[in-house]
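The values are calculated or read from the model by the stated rules, or taken from the named source; none is laboratory data. Bear in mind that the values here come from a model prediction, so they are computed numbers and not experimental data. Using ideal geometry, Cβ is built from the backbone for each residue, glycine included, and neighbour counts are taken over all protein chains shown.
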Amino acid sequence: MNRKPHSEETKLKISKALKGRTPSAETKLKMSLAQKGKTHSKETKLKISHAKKGKTYEERYGTERAVEIRLKISRAVKVNWEKLGVQGDPRSYRVCYEHNKWRITVFERDDYTCQDCGQHGGELEAHHISQWSTHPLLRFVLSNGKTLCVKCHKKVHSKKPQDRYLVRLFREE
C-alpha cells in the first residue's frame, strides 16, 4: 500500500496539534526500546560534540534545569564521600594550606625525583601511600607520602593487574 506524502500545509497542522503534548509512560517506553542498540555515527557524534563545546549548563538546558543538574552532581559527590566516612566537600581538603604544605615537603624530601623510575623534575605528583579516603589521620604525615611522576602514579592506581605487578617488582628491588 503506497501512501502519498503529506503536504507542507498538512505537516504544519499535525505539528500544531501535537505541540504541548507529553507522551504517556507506555509510549516513552516504546520509543526507548526502539532506540536500544542503535549508535550514532562518528559524524553525528562530532556534530553533537561541537554543538555542546563552550556552552554552560544554562545555555544548554536553561537556568532551572542547570540548577537541578548542579544540585544532583554535588549531592552525588557528597554521598559518595560520606560512604567513605569523609565529611564536607572532598575538594576543599585538597586545596587547603596543610595539604599544599605536605605536598611541597614531600617533593623537597625526595629531591623532586620520582621514587619509582628516578625521573627528576617534570610533572610530579605527591602520592599517599595509605589512601587519602580511608586514612584521614595519615593525610598530612610526611612518611605517608612519596613523589611519583604522572606515569608511575597512574600505574600505582591502575586497575590492570599487570601494572600493579610491575609496581610491586619496583618496590622489591
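Quick look at the values:
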item	result
Selection within segment 133-156 - at pLDDT 80 or above, in contact with a helix residue (DSSP H, G or I) (Cβ under 9 Å, 6 or more places away or on another chain) and part of a loop (DSSP other than H, G, I, E, B)	His135, Arg139, Phe140, Val141
Segment 102-123 residues that are free of Cβ contacts under 8 Å to residues at least 12 places away in the same chain, paired with ones that are of a type outside the set (Lys, Arg) (beta carbon under 6 Å, 6 or more apart)	His120/Thr113; Gly121/Tyr112
Residue check, Asp163 modelled with pLDDT under 90 and surrounded by 12 or more Cβ atoms within 10 Å (Cβ to Cβ)	yes
Matching entry among Thr22, Thr44 (being without any contact (Cβ under 8 Å) to a residue 60 or more places away in the chain, in a loop (DSSP other than H, G, I, E, B) and hydroxyl-bearing (Ser, Thr, Tyr))	Thr22
Failed criterion for Ser7 (all others in (1) within 22 Å of the chain's Cα centre (by Cα); (2) at pLDDT 90 or above; (3) not β-branched (Val, Ile, Thr) hold)	(1)
Only one of Leu33, Leu46 that is modelled with pLDDT of 90 or more and closer than 29 Å to Arg70 by Cβ	Leu46
Given (1) without any contact (Cβ under 8 Å) to a residue 24 or more places away in the chain; (2) more than 27 Å from Val77 (Cα to Cα); (3) of a type in the set (A, V, I, L, M, F, W, C), index of the condition Leu138 fails	(2)
